[in-house]
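Let me begin by presenting the structure, written as C-alpha cells, before commenting on it.
The values are calculated or read from the model by the stated rules, or taken from the named source; none is laboratory data. None of the values given here were measured: they were computed from a predicted structure. For neighbour counting, all protein chains shown are included, and Cβ atoms are generated from backbone atoms with ideal geometry for every residue, glycine included.
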C-alpha cells in the first residue's frame, strides 16, 4: 500500500500520496482502499512524542499540585449511580442524604457512622434541588429507610437543577459507562490531581480575564470547592479557607452571582415557582411516607452575604415554614438550635472539614433527641398523609 | 462504546494484543468478530440481535441471488434484503416520526387520533450498518461483486468495530477481500495508525467538544433571541463542531483499522475548501454521498434521461439523504436545500460552460459555498423550524429584540478555531494529510503528536457521544 516513490525531497506541489475516493468512481464496485503510510522514521517519532507527552503531563500535574490540588474522585453521575444502587442491593432501610452541596460538605459520613453505627448513602448534588432525587426514591418501593433533605433556599425553592440528570443516567447507564467509571476510579482518579473539571483546558482558558463584551456580563463561575471519597463523602478544599486569595475569590463569586441578571425570573414568576416546588415536595413526601419512609428536612447553615441574600429573596415564613406546613414533615432550621450555629463558613455557605465534623455530631444529636432516636421527643408519624 | 472513552482504550489494547498473538488467521478473525460484538453490546446488549438479523438476511439474500435462475427470483431476493433492512430502519428510526405525522395529518382533517406513545430506543449506528449490508446485496444483485466466500468474512465485514456505528460506510468489495489473507499491521502502520487516532480524538475531544459545542448550544438550545453576531458565531461554531466531530470519528476509525492492518477509505477531503456543491459532496461524508449516488441517484435515472428527470433524481436523493440523518423535517429541509444548491449549480454550469474563474473569484466562490453550507447547517442543528427561523433571522440581522448571548471568549474561540479550520482546508484542498506529514521534519511531527495527545488528556472530555451516532 506504500507508494513506491518517497515523498520527502520530491518536487513541491506533487502529492505522491494522492488517491481516488469513491467519489471518483461512480457506479462501480469500490476496490480495496489505499492507506499509505507517510515515509518518516516513525519509531523515533513515537518515542519522541511519548517522552514529550510524559514531560508535559508531569509539568501539568506539578503545576496543579503546587496550586494545592491533590487527587480525588470525580463527582460524576457514575459515582452517584454506585451509591444509588446500594438501595437496590439490600440497603433499602438506610439513611439517605439528599440536597445540595451543603449537605455533602457539612455532613461527614465517618462521624455519622461512628455515632449511628451505619454509614448513610450520600445522594446530594451541588447546585441542585433535591426534588428530582426524592421523586426517584419515592418511586422505589425498595426504599423504606430515612431521608434527610437538605434545603438550600435558593436552589430548593427555585427548582434549579445544575446536576439533575443522575437518575436518568443511572437508569440508562451503558455497560461501557459502567466499566469506564470503575476503570477511571482505579487507574486515573486516585493518582492525578489535574483530573478535575475545574482544571480542564477549556475551563482554564475560559476563566482568563477576557474583556467583557458590551451588554454581556459574565458572572463569575464557581470554582473547585471540595473533594470526594469513593462513597461520595465530601469535604471542603483547605484552600478555600487557608488561601486568602482563593477565599476572597469565592466570596466575590457569590457576591457577583447575587446581582440581578436580565435572565432572572420576574417576582411573580419566582413566587409561582416557589409554590410549585412546595406542592411538588408535598406530593413526594406523601409518597415516601406511604411506603414507610421517615422524612426530615434540614435547613443547613449559611452566613454573611449568602444568608442576607437568602433572607431577602426566600424569606423563612414564605418558604421554609410553608414547606413544613404543606408537607406535614418535620424540619430542623439551624437558627432554631444553638448547637447548630456559630460554625465557620469561609465562603458563607460551606464548612471546613473540622467544622463539618463538629456540626455532624451536633446535628446527629438533635435528630436523635427530637426525631429519630428511640426516645425522640417529636417522632415523625409513619405512613401519615402529608397535608396538602 | 465510544472511541473517546477509557473503556475503549482498554478494549483496543486487548484487541491489539490478541491480534498480534501467533494464532491461525481464522482464530484472529473470530477474535475480531467477538470483539466487534462486544464493542456494540457495550451500548445496549440486546441490539446485537439486530446486527445478527441484518447479517443473516443479507447473507442468505446474496446466496439466493447467486443461485437464482430467473430475473424475478433475483428481484425477490434483492427486495427481501431491502425490505428487511429498511423495515428495521423504518421501525426503529422513523416509527415514532411517521406516527406523529399521521396523528398531525388526522388532526388537520378534524379526526382526533391519539395513539399510544411508543418509547422506541434508536439502536446506535443502525443507519450505517444497514446501508453497509444493503450495499452487499445490491452489489451482488447488480453483478458488481461476488458474494463473500464464507459467513465469517461477511459477518466481520458487517460488524468490524472501527466502521460499525458511524462509518466510513464500507462496501463489501472494499473490506471482504482484506479478510481473505492474514493481515497484521507493520510497525509503521501501527505507529501511523496511532497518530491518526490521536488526530481524530484531538478533533473530537478538544476542538468539537471542549470549544465549539458549547457555543452552538448557548444559542441553539436556549430560548434567547440571537443577534447577527451570536447567530453567525453559533452557526460557524456548529459548522466546525460537526466537521471535527464526524471527521474526527472517521480519522480515529481509519487509524484503529490501520493499527490492525486493515485499510479503510477516506471519508472527508477538506470539505470547507469546496468550490460549489458538487465539489462539497465529493469532499464531505464521501462514503455516504457515493452510496446515495450509486444505489439511489443512478437507479433513479441519474443524468441519463434528460434534464427534468435528472433534477428529480437529484432532489429525491438529497431529500432522502436528509431524512437518513434523522427523523425530523428539519433534516429533510437540510437535504432539500443541498438538492436545490446542486440543481442551481448544475443549471449555472450548463449556462456558463466555458467560464473559468480567476484565483480571486475562485476563492470568493469557495467562501460563497461555505456561507451557503452554513445556512443549511441551521436546519441541521435547530431542533425545530421555529428555532431555525429565529437563528436565520438573527443571521440576517432582523431580530430586533436580540441581546448579546455569547461572551468575548466564546466569540474569540470560534473565530480562532473556525478561522484556522478554513485556512487549513484551503491550504490542503488539493493535497493529502500523508503528503503534509511526509514533508514535515520528524521532530515537528513528534512534537505535534505529543501536543495533540496532551491537549486530549488535559481537555478531560466527558466521553460524549459522536453526533453521527444518532443517525
(message) Conditions first: (1) farther than 30 Å from residue B:293 by Cβ; (2) within 8 Å of chain B (Cβ to nearest Cβ); (3) at pLDDT below 95. Residue A:5 passes all but one, so which condition is the exception?
(response) (2)
(message) I'd like the full set of residues that are surrounded by 15 or more Cβ atoms within 10 Å (Cβ to Cβ) and assigned to a helix (DSSP H, G or I), limited to the range A:85-112.
(response) A:86, A:87, A:101, A:102, A:103, A:104, A:105, A:106, A:109, A:111, A:112
(request) Go through the range B:143-153 and count every residue that is more than 11 Å from chain A (Cβ to nearest Cβ) and either buried (at least 23 other Cβ atoms within 10 Å of the Cβ) or in contact with a helix residue (DSSP H, G or I) (Cβ under 7 Å, 6 or more places away or on another chain) (or both). (result) 5
(message) Exactly one condition in (1) under 26 Å from residue A:137 (Cα atoms); (2) buried (at least 18 other Cβ atoms within 10 Å of the Cβ) is false for residue A:292; which is it?
(response) (2)
(message) One residue is enough: does the range B:154-175 have a residue meeting the conditions outside any loop (DSSP other than H, G, I, E, B), over 24 Å from the mean Cα position of the chain (by Cα) and surrounded by fewer than 24 Cβ atoms within 10 Å (Cβ to Cβ)?
(response) no
(message) I'm trying to understand the selection: among the residues of the range A:205-226, which are out of contact with any strand residue (DSSP E or B) (no Cβ under 6 Å at 6 or more places or on another chain) and either closer than 28 Å to residue A:81 by Cα or touching a residue at least 12 places away in the same chain (Cβ under 8 Å) (or both)?
(response) A:206, A:207, A:217, A:219, A:220, A:221, A:222, A:223, A:224, A:225
(request) Output the residue which, of all residues in the range B:262-288 that are assigned to a loop (DSSP other than H, G, I, E, B) and more than 11 Å from chain A (Cβ to nearest Cβ), is farthest from residue B:375 (Cα to Cα). (result) B:270
(request) Quick one: in the range B:408-436, of everything that is out of contact with any helix residue (DSSP H, G or I) (no Cβ under 8 Å at 6 or more places or on another chain) and closer than 25 Å to residue A:261 by Cα, which residue is farthest from the other protein chains (Cβ to nearest Cβ)? (result) B:412
(message) So, residue B:180, is that one under 30 Å from residue A:39 (Cα atoms), without any contact (Cβ under 8 Å) to a residue 12 or more places away in the chain and either in the same structural domain as residue B:436 (by TED's automatic domain parsing) or surrounded by fewer than 19 Cβ atoms within 10 Å (Cβ to Cβ) (or both) or not?
(response) no
(message) Yes or no: the range A:130-142 includes at least one residue that is free of Cβ contacts under 8 Å to residues at least 24 places away in the same chain and surrounded by 16 or more Cβ atoms within 10 Å (Cβ to Cβ).
(response) no
(request) Please go through the range A:152-172 and pick out each residue that is over 19 Å from residue A:91 (Cβ atoms), out of contact with any helix residue (DSSP H, G or I) (no Cβ under 7 Å at 6 or more places or on another chain) and either modelled with pLDDT of 95 or more or part of a helix (DSSP H, G or I) (or both). (result) A:155, A:168, A:172
(message) I'd like the full set of residues that are surrounded by fewer than 21 Cβ atoms within 10 Å (Cβ to Cβ) and without any contact (Cβ under 8 Å) to a residue 12 or more places away in the chain, limited to the range B:187-220.
(response) B:187, B:188, B:217
(request) Give the range A:363-384 a look and list any residue that's within 14 Å of residue A:295 (Cα to Cα) and modelled with pLDDT of 80 or more, or say none. (result) A:367, A:368, A:370, A:371, A:372, A:373
(request) Could you identify the single residue in A:318, A:358, A:369, A:378 that is touching a strand residue (DSSP E or B) at 6+ places or on another chain (Cβ under 9 Å), farther than 19 Å from residue A:137 by Cβ and surrounded by fewer than 20 Cβ atoms within 10 Å (Cβ to Cβ)? (result) A:378
(message) I'm checking my understanding of the structure. Among residues of the range A:189-202 that are within 9 Å of chain B (Cβ to nearest Cβ) and closer than 21 Å to residue A:163 by Cβ, which one is surrounded by the fewest Cβ atoms within 10 Å (Cβ to Cβ)?
(response) A:197
(request) Please specify each residue of the range A:279-304 satisfying the condition of being assigned to a helix (DSSP H, G or I) and under 23 Å from the mean Cα position of the chain (by Cα). (result) A:280, A:281, A:284
(message) Among the listed residues B:11, B:39, identify the single one that is under 24 Å from residue B:189 (Cβ atoms) and outside the structural domain of residue B:154 (by TED's automatic domain parsing).
(response) B:11
(request) State all residues of the range A:252-267 that are touching a helix residue (DSSP H, G or I) at 6+ places or on another chain (Cβ under 7 Å) and assigned to a helix (DSSP H, G or I); if no residue qualifies, say none. (result) A:254, A:255
(request) Can you tell me which residue among A:336, A:263 is farther than 19 Å from residue A:100 by Cα and under 24 Å from the mean Cα position of the chain (by Cα)? (result) A:263
(message) Test of understanding: among A:81, A:69, A:51, which residue is modelled with pLDDT of 95 or more, surrounded by fewer than 18 Cβ atoms within 10 Å (Cβ to Cβ) and either in a helix (DSSP H, G or I) or within 14 Å of chain B (Cβ to nearest Cβ) (or both)?
(response) A:51
